[in-house]
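The values are calculated or read from the model by the stated rules, or taken from the named source; none is laboratory data. Because the structure is predicted, anything quoted here is derived from the model rather than measured. With ideal geometry, Cβ positions are generated from the backbone for all residues, glycine too; neighbour counts draw on all protein chains shown. Ligands, DNA and RNA are stripped out before the accessible areas are found, and what is left, the full protein with its side chains, is counted by its heavy atoms. Shrake-Rupley method; radii C 1.70, N 1.55, O 1.52, S 1.80 Å.
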Amino acid sequence: MMVYDISAVFEDETVERVIHILSKQSVSGIPVVDDNMKVVGFISENDIIKAAVPSYFMLLQSASFIPDTNQLIKNLSRIKDKPISEFMSKPPITVNENDPLITAADLLIRHGLKTLPVIDKNSRLVGIIRRIDVLRGVFEGKEEL
Amino acid sequence: MEVLTVTLNPALDREIYIDNFEINKLHRLRSLERTRMSPGGKGINVSIALAKLGIPSIAMGILGGYVGRVVLEELRKIDKRITTNFVHIDGETRENIAIIDEVNDTITEINGPGPVVSKEDVDHFLRRYRMSLSRANCVVISGSIPIGVDEGIYAQLSGMAKERNVCVFMEATNALLTKAIKQNCPDVVKPDLRGEQVVLDQKLEEFEDYVEAAEEIINYGAKLAVLSYKIKNDIVATKEGVWLISMTVPLEESHLLGSGDAYVAGMVYHALRKKWDLLEMAKFGFSAAVAVTRRKSKEMPSIEDIEAERNSFTVERVK
């Protein structure tokens with residue numbers, strides 16, 4: 001069920017570069033790895049949005065409370081050259097390649113995530129699993145990742 | 001993971017079967033079976049062939065646009081032994097078209113140039129490549145490069161792999177290969193001679209030219225050099241000598257698609273799963289290439305199919 005894809009970014013890559021990568025790959029988030037391919041974090045479009053909007057905004061239900069949208073643009077410009085290590089989710093929530101599918105489903109639901117990095121016993125990235133992969137797996141009666 | 005394959009200029013391959021193909025004429029395909037679409041590019045083809053032989057690999061390279069997404073999705077469907085790790089760019093991945101005429105035994109190929117790749121994307125690829133080398137014993141670097149990528153890149157990739165004691169197999173045309181051979185010679189070198197017969201900037205005409213070129217590649221540090229000679233034969237050189245492998249069974253030239261990639265995959269398979277015996281690796285590669293020509297499409301052969309071709313050729317020492 002998992003996707004055997006190890007596309008990843010590094011901790012020192014800039015926010016602007018990561019936005020470009022997410023956009024080109026048409027994905028909402030991507031694992032962050034070190035030089036040995038160990039997963040050290042996960043950066044999503046949500047992490048970047050959270051970093052760019054005022055902190056109180058996340059508590060609100062409507063964007064109409066934002067006094068000035070220029071603030072969002074200004075904040076994005078301010079962080080665009082910063083390393084993603086400052087904004088990524090860490091430690092990352094991951095699933096082991098030998099875990100059952102239900103573990104991935106549990107983590108995705110409990111943490112409200114769209115994608116989980118799948119790692120081997122040495123914490124190295126071996127792929128990803130998305131919500132849709134879990135749904136497809138359940139539908140097809142699969143029990144393994 | 002043992003094998004890393006590099007395809008800097010992947011393609012969406014389209015095979016179209018047209019009997020009595022003629023230029024300047026309308027051809028209508030009678031059924032969908034007369035056309036086939038698959039992910040391609042030499043490194044990707046090697047990954048697909050290795051998966052069929054039970055060997056997992058990481059397929060790396062550069063993809064872009066709508067065609068790039070189709071290539072990636074199709075590749076993921078083939079086998080879970082193939083892990084993908086592509087850099088995605090703004091440009092559009094190319095399409096390669098092969099028109100196969102089985103009546104006249106011809107194959108007409110039109111290969112696109114590929115997208116323009118920025119330095120930033122090349123640097124991103126190189127960083128991912130360095131990281132992926134930490135998981136490989138062997139890297140296969142093959143095929144063309146897209147516009148904007150320096151011709152010295154294969155030399156650079158070979159050097160990075162060798163620094164980490166990762167074995168390098170390379171199949172490429174003269175310009176890319178010459179720089180790599182002279183700067184960081186790969187372990188196994190297979191010049192791509194489909195277009196022009198030029199190796200180390202020297203035009204090959206006579207049999208002796210091929211033998212000398214193979215020996216020169218060995219002198220630069222390669223352990224094995226394999227040069228295709230008049231389609232049905234190969235010149236194989238190692239430090240120990242030079243051999244001529246000659247096919248003894250009829251060849252369907254319209255079925256040659258993918259045979260070079262199966263050859264490389266066969267050599268890698270033999271090195272990893274059987275023995276690092278250079279002449280035997282070349283023989284196994286040759287068997288794999290012959291096995292591919294037994295079928296219409298570029299579909300990769302099984303181990304049994306490859307083993308069955310061991311008597312389809314002779315091996316003669318020439319030096």
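Details
- Note on the protein assembly as shown: semi-axes of the ellipsoid equivalent to its C-alpha gyration tensor, largest first and rounded to whole Å, are 44, 24, 22.
- Largest-first principal axis extents of the Cα set of the range B:195-319 (Å): 35, 31, 22
- Once divided by 2.2 N^0.38 Å, the Cα radius of gyration of the range B:232-278 becomes 1.33.
- Ordering B:T106, B:S118, B:N174 by Cα displacement along the dipole of chain B toward the positive end leaves B:S118 in first place; charges were set at the Cβ atoms of Lys, Arg (+1) and Asp, Glu (-1).
- Quotient of Cα Rg and 2.2 N^0.38 Å for the range B:58-181, N being how many residues it contains: 1.15
- The fraction of all Cα pairs in the range B:87-156 landing in successive 10 Å bins from 0 to the largest distance is 16, 38, 27, 14, 5, given as whole percents.
- Relative contact order (%) - chain B, alpha-carbon pairs under 8 angstrom, separation at least six: 15 percent
- A viscosity of 1.002 mPa s and a temperature of 20 °C, combined with the Kirkwood radius over C-alpha pairs in the Stokes-Einstein formula, give chain A a diffusion coefficient of 132 µm²/s.
- In terms of Cα atoms, the Rg and Dmax of the range B:150-207 work out to 11.6, 38 Å.
- Chain A: angle of helix A:15-25 to the longest principal axis, Cα-based, in degrees nearest 10: 50 degrees
- Overall Cα dimensions of the range B:29-81 - principal axes, largest extent first, Å: 37, 28, 18
- When the other protein chains are added to the chain by itself, burial of at least 50 square angstrom of heavy-atom accessible area (probe 1.4 Å, ligands and nucleic acids ignored) affects these residues of the range B:128-153: B:R128, B:M131, B:R135.
- Entries in A:K38/B:K182; B:K275/B:K319; A:K38/B:K223; B:K179/B:K230; A:K90/B:K77 that, when Cα-Cα distance is taken, lie over 27 Å: A:K38/B:K182; A:K38/B:K223; A:K90/B:K77
- Accessible surface of the range B:169-212, 1.4 Å probe, proportion on carbon and sulfur as whole %: 39 percent
- Whole-number D in µm² s⁻¹ for the range B:131-238, Kirkwood Cα-pair radius fed into Stokes-Einstein, 37 °C, 0.692 mPa s: 236 µm²/s
- Peptides ranked, highest mean first, by Cβ atoms within 10 Å: ranges A:119-126, A:77-84: A:119-126, A:77-84
- Lys, Arg +1 and Asp, Glu -1 on Cβ, resulting dipole of the protein assembly as shown about Cα centre, debye, nearest 20: 1180 debye
- Per-residue ellipticity at 222 nm from helix content only, as computed over the protein assembly as shown with -39500 (n - 2.57) for each DSSP H run of at least four residues, stands at -10000 deg cm²/dmol.
- Judged by the mean number of other Cβ atoms found within 10 Å, the most tightly packed of the peptides B:74-86, B:101-113, B:130-142 leads the ranking B:130-142, B:74-86, B:101-113.
- Of all lysines in the structure, the ones whose alpha carbon falls short of 27 Å from that of B:K25, not counting any fewer than 8 places away in one chain, are B:K296, B:K298.
- On Cα atoms only, tilt of A:101-110 relative to the major axis of chain A in degrees: 20 degrees
- Where N is the number of residues in the range B:1-141, Cα Rg divided by 2.2 N^0.38 Å: 1.16
- In chain B the Cα-Cα distances spread across 10 Å bins starting at 0 as 6, 28, 37, 23, 6, 0 percent of all pairs.
- The A-B contact accounts for roughly 2000 square angstrom of buried accessible surface, both chains included, probe 1.4 angstrom.
- Charged side chains reduced to their Cβ positions (Lys and Arg at +1, Asp and Glu at -1) give the range B:257-301 a dipole of some 160 debye around its Cα centre.
- Residues of the range B:50-83 buried by at least 30 Å² of accessible area upon assembly of all protein chains, compared with the chain on its own (1.4 Å probe): B:R69, B:R76, B:K80, B:T83.
- In a simple Cβ point-charge model (Lys, Arg +1; Asp, Glu -1; nothing else charged), the range B:280-319 has a dipole of about 220 debye relative to its Cα centre.
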